[in-house]
Each structure stands twice: as C-alpha cells, then as structure tokens.
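**Student:** I'd like to ask some things about the structure below.
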Amino acid sequence: MTIKEDPRAIRTQEMLKEALLTLLQEGNSLHQISIHKLTQRAKLNRTTFYLHYQNINELKEHLTHDILQGLTDKIENLTSIFDRNRKEHLIQLLDYLLEQRNHLL
C-alpha cells in the first residue's frame, strides 16, 4: 500500500484541502495563506503537510482536480442514463455546482 492509498493519508489530504477551502472562503487569497496558517486550521503539523505536498500551489492543484473530477463524473452520469432518471441526475449535478460555486470562481 502506497501513501496515496493509505486511508490515513487520504484523510490527512482531505483535512488539508478542507482547511484550504475554509481559508479561501474566509476571504484569504492564496498568497496570504502560509503553511503555518493552513496546518493550524487543519490541526496538523508542518511536517505532515510536506509528507503530502511540496507547497500550497500543489495542494490547490489537487483540490481543483478533485472538484473538476466530481463535476466530470456527474456530467458523465447524466449523459449515460436513461431518460427516466435524467431529471434526478440533473438535479444532483446542479446541487453539486451550487455546493462548489465558491470554489469554481
């Protein structure tokens, strides 16, 4: 099992992504967010951050990838289903876009 597959590593990466999202939603620009500020918010230490990412930009790229992958999955589901389920999947897609609206801007 590699560090990417380890459930603890996945949980840690999610904590760091959530901390970054929270700081951005609070009005901090990316250049205002330090590793110290980010790890404090995630309740992790700096060493743990560097086990997973080289810098905040790499974390941001992973977060952006996750959001876009979620959107892609929902669009693929929408285009591959039968007409009777299409409305339900469209609603799920729109709900996802609503949830992610602040992160996609």
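**Student:** Taking only Cα atoms, what is the 0 to 90° angle, nearest 10, from helix 83-104's long axis to the longest principal axis of the chain?
**Tutor:** 30
**Student:** Which value in deg cm²/dmol, rounded to the nearest 500, describes the helix-derived mean residue ellipticity at 222 nm for the chain, given -39,500 (n - 2.57) per DSSP H run of n ≥ 4 and division by the residue count?
**Tutor:** Numbers: 5 runs with 80 residues, N = 105.
After summing the helix terms and dividing by the residues of the chain, the value is -25500 deg cm²/dmol.
**Student:** What are the lysines whose alpha-carbon lies under 26 Å from the alpha-carbon of LYS60, with same-chain residues fewer than 8 places away excluded?
**Tutor:** LYS4, LYS17, LYS37, LYS43, LYS74
**Student:** Report, in debye and to the nearest 20, how large the dipole of the chain comes out about its Cα centre when Lys and Arg carry +1 and Asp and Glu carry -1 on their Cβ.
**Tutor:** 300
**Student:** Now for a separate question. About the Cα centre of segment 1-50, what is the dipole size in debye to 20, counting +1 per Lys and Arg Cβ and -1 per Asp and Glu Cβ, all else neutral?
**Tutor:** So the dipole magnitude of segment 1-50 works out to roughly 140 debye.
Throughout, read-outs are computed from the coordinates displayed, never taken from laboratory work. Keep in mind the model is a prediction, meaning the values are calculated, not measured. As a convention, Cβ positions derive from the backbone with ideal geometry for all residues, glycine included, and neighbour counts pool all protein chains shown.
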